[in-house]
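Scroll down for the structure; my scribbles are underneath it.
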Ligand SMILES: NC(=O)c1ccc[n+]([C@@H]2O[C@H](COP(=O)([O-])OP(=O)(O)OC[C@H]3O[C@@H](n4cnc5c(N)ncnc54)[C@H](OP(=O)(O)O)[C@@H]3O)[C@@H](O)[C@H]2O)c1
């Protein structure tokens, strides 16, 4: 992989989650953490604009619908957050040449 020096840091979605907090601890100043308010996976169409101000070297999606006990009654929401949104994130990464 050729590193693009105009990009730096690792953008992490899911700031408040277990994985997000562990990555923050691991990456320190290299971590750029986003809250649900900053990047809402339940609104996949908003993600491109939400991520536009950032120029990370990589993106890690640590955000997810994890309320498994409610997933059957909120199937559409769970599918959007865990299925549609990661696909959109991958498209954004491809378009911007960012390793997902
Ligand atoms: N924990 C583990 O040991 C582990 C191991 C392997 C893989 N994983 C995977 O890692 C991912 C995260 O797991 P976790 O344990 O960290 O879960 P978690 O503690 O339940 O955290 C979920 C995160 O997702 C965010 N989130 C939920 N809905 C969102 C939305 N619509 N838009 C943006 N952010 C949203 C939450 O934000 P709010 O605080 O705003 O709700 C929270 O930051 C999951 O895919 C899980 O399967 C976890």
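The values are calculated or read from the model by the stated rules, or taken from the named source; none is laboratory data. Predicted model only: the values in this text are computed from it and were never measured. Please note: Cβ atoms are built from the backbone with ideal geometry, for glycine as well, and neighbour counts cover all protein chains shown.
Of note:
- Residue, nearest to residue 97 (Cα to Cα), within segment 41-76, restricted to residues that are in contact with a helix residue (DSSP H, G or I) (Cβ under 6 Å, 6 or more places away or on another chain), within 10 Å of the ligand (Cβ to nearest atom) and outside any helix (DSSP H, G or I): 61
- Those residues of segment 25-40 which are out of contact with any strand residue (DSSP E or B) (no Cβ under 7 Å at 6 or more places or on another chain) and crowded, with 17+ Cβ neighbours inside 10 Å, in sequence order: 40
- Tally, over segment 6-40, of residues that are over 20 Å from residue 94 (Cα atoms) and in a loop (DSSP other than H, G, I, E, B): 8
- Number of positions in segment 16-32 that are more than 6 Å from the ligand (Cβ to nearest atom) and out of contact with any helix residue (DSSP H, G or I) (no Cβ under 6 Å at 6 or more places or on another chain): 11
- Sole residue being surrounded by 14 or more Cβ atoms within 10 Å (Cβ to Cβ) and at pLDDT below 95, chosen from 59, 98, 88: 98
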